[in-house]
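Below you'll find the structure, written out as structure tokens, and then a few comments.
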Amino acid sequence: MEKIKVEFLNKMIVNVTEVMPKPVVGYFSKRYIAGELLQDGVNVVKNFNSRGIFATMDVLGESIKNKEEAVDAQNNALQVYEAINKNKLLSNVSVKPTQLGLSIDDDFAYEVVGELVKKAKEINNFLRIDMEDSPYTDKTFNLYKRLRKDYDNVGVVVQAKLRRTYDDVAALKDYNTNFRLCKGIYLEPEPIAYQSKQEVRDNYLKILELMLKNNHYVGIATHDDYLVENAYKMIKDMNVPKDKFEFQMLLGVKENLREKINNDGYKIRIYVPFGKDWYPYSIRRLKENPNMAGDIVKNFFRMGK
Ligand code: FDA
């Protein structure tokens, strides 16, 4: 009975998240976001680096309406590379392709993202192209493939939730790809996406095995203990060298698991988002974790005491 009450409360809270006052959301999402400024991101990354933990930095932004906004986003990312270089950070950069023009024009996005990969190459760094919702899956793969022809320092994300992903990875067999494998954060319909937790997990492990067999580099991005345990086992059984994979997690999520992976001697990279557009990102994170939303209300009542 108590459990049902808690679940109901959590659901209710998630539904009101969007109408919560911005400062309240800000207060409780602090753990997921480094801050508003590039320097906030740099500070968080330095801290991780001092403990042997790597990072990927992301300038938060929402959908863009015109090419000027895409160029602004490109400039922000260029500044991140400058900061990485200047501060000798163990970090690369992750970008959302639609923020760099993929929702406007494929060739334009290729130019804009291409400049970033070029900049990364100059400073011996890397660009990760995040994967967004399914209308952009093909476009994102095409963008990646075009860039990969000229550059070896660009990688892409795939989502285990999508039924197509195993075949997509198989089709990239000869690309010697640096993948990030995640479950996928977007709600996608049943015909194209697995809906149950276990189906997504099973597909995740099937894809991971294919990636390792085909000698790709894999960023194993998950906070799911089940997947981490099974990845450990697979890596051991397949005798995968340590320079062929890393674990990846989001800032502020499952910190105990992060420390465990680091202490177990595996490479781990944390996704460090920052920027003035922190609000929509926070709403997504809070909606994703209803238990967290429960904590919000508890803390809300404690605020100011
Ligand atoms: P699952 O959702 O089952 O979470 C396992 C446990 O972790 C939960 O029970 C909970 O305890 C905890 N947890 C998970 N998320 C939490 C949160 N936000 N707050 C608090 N606790 C949380 N997706 C995408 O579509 N495109 C992309 O490019 C990326 N990029 C990306 C990079 C990195 C480094 C990570 C770790 C993840 C992504 N994702 C992503 C998101 C990914 O697809 C997925 O939505 C989340 O990682 C949650 O899935 P898990 O595998 O962690 O399992």
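Derivation of every value follows stated rules applied to the coordinates shown; laboratory data play no part. Please read these numbers as outputs of a predicted model, since none were measured by experiment. Backbone-built Cβ (ideal geometry, glycine too); neighbour counts: all protein chains shown.
Treat each spin label as a single point 7 Å out from the Cα along the C-beta direction, and report the residue 123 to residue 237 distance in nm.
Rounded to a tenth, the inter-label distance reads 4.1 nm.
Length gain on complete extension for the stretch residue 36 to residue 259, per 0.36 nm per residue less the alpha carbon to alpha carbon distance?
Stretched out fully, the residue 36 to residue 259 stretch lengthens by 77.7 nm.
What residues of the stretch 184-225 lie in the reach of a label at residue 168, counting those whose backbone N is under 14 Å from a point 7 Å from the Cα along Cα→Cβ?
What the label zone holds, given the 14 Å backbone N cut-off, is 184-189, 192-194, 204, 207-208.
Pick out which of 208, 89, 37 has the largest mean-square fluctuation in a Gaussian network model of the chain, springs linking Cα atoms closer than 10 Å.
Residue with maximal mean-square fluctuation among 208, 89, 37: 37.
Given 118/173; 213/233; 197/260; 30/254; 213/244; 206/244, which pairs have Cα atoms separated by over 21 Å?
118/173; 197/260
What net charge is computed for the residues neighbouring residue 281, neighbours being all others with C-beta under 10 Å from the C-beta of residue 281, Lys and Arg scored +1, Asp and Glu -1?
Summing Lys and Arg as +1 and Asp and Glu as -1 gives -1.
Could you grab the relative contact order for the stretch 192-278? Cα pairs under 8 Å, six or more apart, rounded to a whole percent.
Relative contact order, the stretch 192-278: 25 percent.
Within the set of other residues whose C-beta is less than 12 Å from the C-beta of residue 103, count the net charge using Lys and Arg as +1 and Asp and Glu as -1. Walk me through the intermediate numbers first.
Numbers: positive: 65, 67, 96, 139; negative: 62, 69, 105, 106, 132, 133.
Around residue 103, the surrounding residues sum to -2.
Okay, helix-only estimate at 222 nm for the chain: each DSSP H run of n ≥ 4 adds -39500 (n - 2.57), divide by all residues, round to 500 deg cm²/dmol; what do you get?
Per the formula, -16500 deg cm²/dmol.
Please list, or write none, the aspartates and glutamates whose alpha carbon is within less than 12 Å of the alpha carbon of residue 22, excluding same-chain residues fewer than 8 places away.
277
Can you give the FRET efficiency to the nearest 0.05 for residue 139 and residue 85, using r as the Cβ-Cβ distance and R₀ = 35 Å?
0.70
Running a GNM on the chain with Cα contacts under 10 Å, which residue among 111, 190, 82 ends up with the highest mean-square fluctuation?
190
Gain in length, residue 65 to residue 229, computed as 0.36 nm per residue apart minus the alpha-carbon separation, to one decimal in nm? Intermediate values should be presented prior to the final figure.
Numbers: separation 164, 0.36 × 164 = 59.04 nm, distance 4.23 nm.
Stretched out fully, the residue 65 to residue 229 stretch lengthens by 54.8 nm.
Could you tally the net charge around residue 94, taking each other residue with its Cβ under 9 Å from the Cβ of residue 94, Lys/Arg +1 and Asp/Glu -1? Write down the numbers at each step before the final one.
Values: positive: 96, 128, 180; negative: 58, 130.
Value of the local net charge: +1.
Would you mind checking which residues have amide H under 5 Å from residue 246's amide H? H placed 1.01 Å from N; only 5 or more apart, or other chain.
218, 219, 220
Pick from 31, 51, 269 the residue whose mean-square fluctuation is largest in a GNM of the chain, springs joining Cα atoms under 10 Å.
51
Counting other C-beta atoms within 10 Å, which of 238, 249 has the fewest, and how do the rest follow?
238, 249
Using the beta-carbon distance between residue 217 and residue 27 and R0 = 45 Å, what value does 1/(1 + (r/R0)^6) give for FRET efficiency, to the nearest 0.05?
0.75
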